[in-house]
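Beneath this line is the structure, given in structure tokens, with notes to follow.
The values are calculated or read from the model by the stated rules, or taken from the named source; none is laboratory data. Computed from a predicted model, the values in this text were never measured in an experiment. All Cβ positions, glycine included, derive from the backbone under ideal geometry; neighbour counts span all protein chains shown.
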Amino acid sequence: MPHQNTIAVILAAGKGTRMHSDKPKVLQTVLGETMLGLVADAARSVAASVLTVVGHGQDMVAKAHPELVEGFVLQEKQLGTGHALQVAWDRVRASGASHCLIINGDTPLVTAEVVEDLLETAQTGADLAFITAVLPYAGTFGRVLRGAAGEVTGIVEAKDYDPAQHGPDTGEVNTGLFCLGVAAMENFLFSLTDANRAGELYITDLVGLAAEAGLRVHALRREDAGEFLGVNSPLELASAEERLRSDIVDRLLSSGCLLHHPASVVVGPNAVVEPGAELTGPCRILGRSKVARGAKVCAFCQLTDAIVEAGAEVREFSHLESARLEAGAAAGPYARLRPGAVLMENARVGNFVEMKKAVLGPGAKAGHLSYLGDATVGAGANIGAGTITCNYDGTNKHQTEIGAGAFIGSNTALVAPVRVGENALVGAGSVITKDVPDSALAIARGRQSNLPGHGKKP
Ligand code: UD1
Ligand code: CA
């Protein structure tokens, strides 16, 4: 449950120079989800409201995350993480929240549980709480400084860290996850200076300022916190992605999913694979996809926001996006199901069949080489090889309706809008431009003539 007294601020205005990409860094994806989306999920699960500080590529960020736009705060110049929080502060104050959670937008593996832990620490006796990790090699992360009694005395950024001045490197670093008491920390926030090598306002300086003033500063050192550290380079992105992938796969295996070649199975964090579902790698199950118990997804398939119900099967090399297979339905190998494609119970599509906004009724079949767009196909109908719904006239899209039990001969063009009645038959090679009544036979093609003796000489 989100805490009513807490507001979250996601810092996402930076460019991410080390990614060498035109996209703002927070839009880089991990298992098909943007880093920002994952961070926002964690933030929303604990905080009543979420602000996002944007700057670099803000239009792209808005387009990718319209649900966050209401909480956008613009940081025109990226003058540092402390400056980013200053820019958001009016809205933090206006929210009336007593606590402010701060998360860097480049920490895709942050979880609701760890953030919840941090909040609890902050709300039960700290003015500033933050999470640290101990790394074998602290690299470019901010170093946590402690005094003789182990008390936290500050954070020094890697660029400014000097063992002669700050003491030996303990490898304890700042993860960038903070929770501040709003009233207690306000003065410190606005007394940050840019007296450091980067010439930026560092949020991390709040720790030293608060400690020096005798405020309650609490560092939560977590053994496993390395995973919450920021992603700054393609290498770090790949390792975060692989870590999340293998965690999800392990969880699915222990819950009772059947995974063949699990090392090449990719399941997104928002996808649901039920115990008893069977996946064969390599495959990717992304977005809000769902694979039900007893359903099967074979190798080399990609599903995005697709639903595969019990007993349904997605065969090799198929690609599904916002499509649904109901119980016992089957698609592929080599099926392409685009948004709005639905295979009702026991319906089947075979190789090189593309469907878009089209429904195949129970038990209906389209075995080979077809395009079905803006169409409904009744129960038990059979769509012959090479059938095409001509749904587009260059300006508008039109519907094709095929009745239950109809049989469409091979290589038929159905020029929409058009209706083929129930139990109607359409001869192979027809171009159907007019409705076909129920139970009628329609043939619309050139007649065959046989000219004796006009063939090859023997
Ligand atoms: C930051 C911390 C460092 C910590 C590390 C953990 C600071 C000064 N340093 O370093 O102690 O170990 O994270 O991953 O905070 N951003 C803005 N506006 C700005 C600058 C940055 O919104 O003006 C955003 C970025 O988009 C990013 C986040 O803040 O999402 C962190 O910035 P980044 O430059 O990645 O900081 P690090 O150098 O990684
Ligand atoms: Ca970072």
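May I ask you to list the residues in segment 65-90 that are in contact (Cβ under 8 Å) with a residue 60 or more places away in the chain and either under 19 Å from PHE188 (Cα atoms) or small (Gly, Ala, Ser) (or both)?
Matches in segment 65-90: LEU79, GLY80, THR81, GLY82, HIS83, ALA84, LEU85, GLN86, ALA88, TRP89.
For every residue, the table says whether it meets (1) outside any helix (DSSP H, G or I); (2) within 21 Å of LEU128 (Cα to Cα); (3) more than 16 Å from ligand 1 (Cβ to nearest atom).
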{"position": "LEU38", "(1), (2), (3)": "no, no, no"}
{"position": "SER45", "(1), (2), (3)": "no, yes, yes"}
{"position": "VAL54", "(1), (2), (3)": "yes, no, no"}
{"position": "ASP59", "(1), (2), (3)": "no, no, no"}
{"position": "LYS77", "(1), (2), (3)": "yes, no, no"}
{"position": "HIS83", "(1), (2), (3)": "no, yes, no"}
{"position": "VAL92", "(1), (2), (3)": "no, yes, no"}
{"position": "ILE103", "(1), (2), (3)": "yes, yes, no"}
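Out of (1) surrounded by fewer than 18 Cβ atoms within 10 Å (Cβ to Cβ); (2) within 30 Å of GLY268 (Cβ to Cβ); (3) in the same structural domain as GLY150 (by TED's automatic domain parsing), the odd one out for ASP247 is which?
Among (1) surrounded by fewer than 18 Cβ atoms within 10 Å (Cβ to Cβ); (2) within 30 Å of GLY268 (Cβ to Cβ); (3) in the same structural domain as GLY150 (by TED's automatic domain parsing), the lone unmet condition for ASP247 is (3).
Among the numbered criteria (1) closer than 25 Å to GLU113 by Cβ; (2) more than 15 Å from ligand 2 (Cβ to nearest atom); (3) in contact with a helix residue (DSSP H, G or I) (Cβ under 7 Å, 6 or more places away or on another chain); (4) hydrophobic (A, V, I, L, M, F, W, C), which single criterion is violated by ALA48?
(3)
Can you tell which of ALA211, ALA195, ALA183 is assigned to a loop (DSSP other than H, G, I, E, B) and in the same structural domain as THR29 (by TED's automatic domain parsing)? Quick ask: steps written out before the conclusion?
Numbers: ALA211 fails: assigned to a loop (DSSP other than H, G, I, E, B); ALA183 fails: assigned to a loop (DSSP other than H, G, I, E, B).
On inspection, the qualifying residue turns out to be ALA195.
Might you check whether a residue that is in contact with an Asp or Glu (Cβ under 8 Å, 6 or more places away or on another chain) and modelled with pLDDT of 95 or more occurs anywhere in segment 443-456?
So far as segment 443-456 goes, no, none of its residues is in contact with an Asp or Glu (Cβ under 8 Å, 6 or more places away or on another chain) and modelled with pLDDT of 95 or more.
Just the residues that are in a loop (DSSP other than H, G, I, E, B) and exposed (fewer than 13 other Cβ atoms within 10 Å of the Cβ), please, taken from segment 387-403. So that I can check it myself, show each step before the final result.
Within segment 387-403, the first condition is being in a loop (DSSP other than H, G, I, E, B), and the residues that meet it are 387, 391, 393-396, 398-399, 403.
Answer for segment 387-403, where residues must be in a loop (DSSP other than H, G, I, E, B) and exposed (fewer than 13 other Cβ atoms within 10 Å of the Cβ): ASP393, GLY394, THR395, ASN396.
Let me spell it out: the conditions are (1) within 16 Å of ligand 2 (Cβ to nearest atom); (2) touching a Pro at 6+ places or on another chain (Cβ under 9 Å); (3) modelled with pLDDT under 95, and GLY171 meets all of them except one. Which number is the exception?
(1)
As an exercise: evaluate ALA238 against (1) outside the structural domain of LEU118 (by TED's automatic domain parsing); (2) within 14 Å of ligand 2 (Cβ to nearest atom) and give the number of the one condition it does not meet.
(2)
Quick test of your reading of the structure: GLY139 fulfils all but one of (1) within 16 Å of ligand 2 (Cβ to nearest atom); (2) buried (at least 17 other Cβ atoms within 10 Å of the Cβ); (3) assigned to a loop (DSSP other than H, G, I, E, B). Name the failing condition by number.
(2)
Do the conditions hold for THR204, that is, is it more than 16 Å from ligand 2 (Cβ to nearest atom), of a type in the set (Val, Ile, Thr) and either assigned by TED's automatic domain parsing to the domain that holds GLU151 or at positive phi (or both)?
Working: more than 16 Å from ligand 2 (Cβ to nearest atom): no; of a type in the set (Val, Ile, Thr): yes; either assigned by TED's automatic domain parsing to the domain that holds GLU151 or at positive phi (or both): yes.
For THR204, the condition - more than 16 Å from ligand 2 (Cβ to nearest atom), of a type in the set (Val, Ile, Thr) and either assigned by TED's automatic domain parsing to the domain that holds GLU151 or at positive phi (or both) - is not met.
Given the structure, is VAL144 buried (at least 22 other Cβ atoms within 10 Å of the Cβ) and not in a helix (DSSP H, G or I)? Outline the logic, then answer.
Values: buried (at least 22 other Cβ atoms within 10 Å of the Cβ): yes; not in a helix (DSSP H, G or I): yes.
Spelling it out, VAL144 is indeed buried (at least 22 other Cβ atoms within 10 Å of the Cβ) and not in a helix (DSSP H, G or I).
Among the residues of segment 333-345, what is the count of those that are touching an Asp or Glu at 6+ places or on another chain (Cβ under 8 Å) and surrounded by fewer than 24 Cβ atoms within 10 Å (Cβ to Cβ)?
Residues that pass the stated criteria total 8.
Might you let me know whether segment 9-16 holds any residue that is surrounded by fewer than 22 Cβ atoms within 10 Å (Cβ to Cβ), within 16 Å of ligand 2 (Cβ to nearest atom) and more than 23 Å from THR111 (Cβ to Cβ)? Break it down stepwise before answering.
The first filter runs over segment 9-16 and keeps only residues surrounded by fewer than 22 Cβ atoms within 10 Å (Cβ to Cβ), leaving 15.
Okay, now just the ones that are also within 16 Å of ligand 2 (Cβ to nearest atom), so 15.
Next cut, more than 23 Å from THR111 (Cβ to Cβ) only: 15.
There is at least one residue in segment 9-16 that is surrounded by fewer than 22 Cβ atoms within 10 Å (Cβ to Cβ), within 16 Å of ligand 2 (Cβ to nearest atom) and more than 23 Å from THR111 (Cβ to Cβ).
Within segment 105-118, work out how many residues are under 16 Å from ASP41 (Cβ atoms) and away from ligand 1 (no atom under 16 Å from the Cβ).
3
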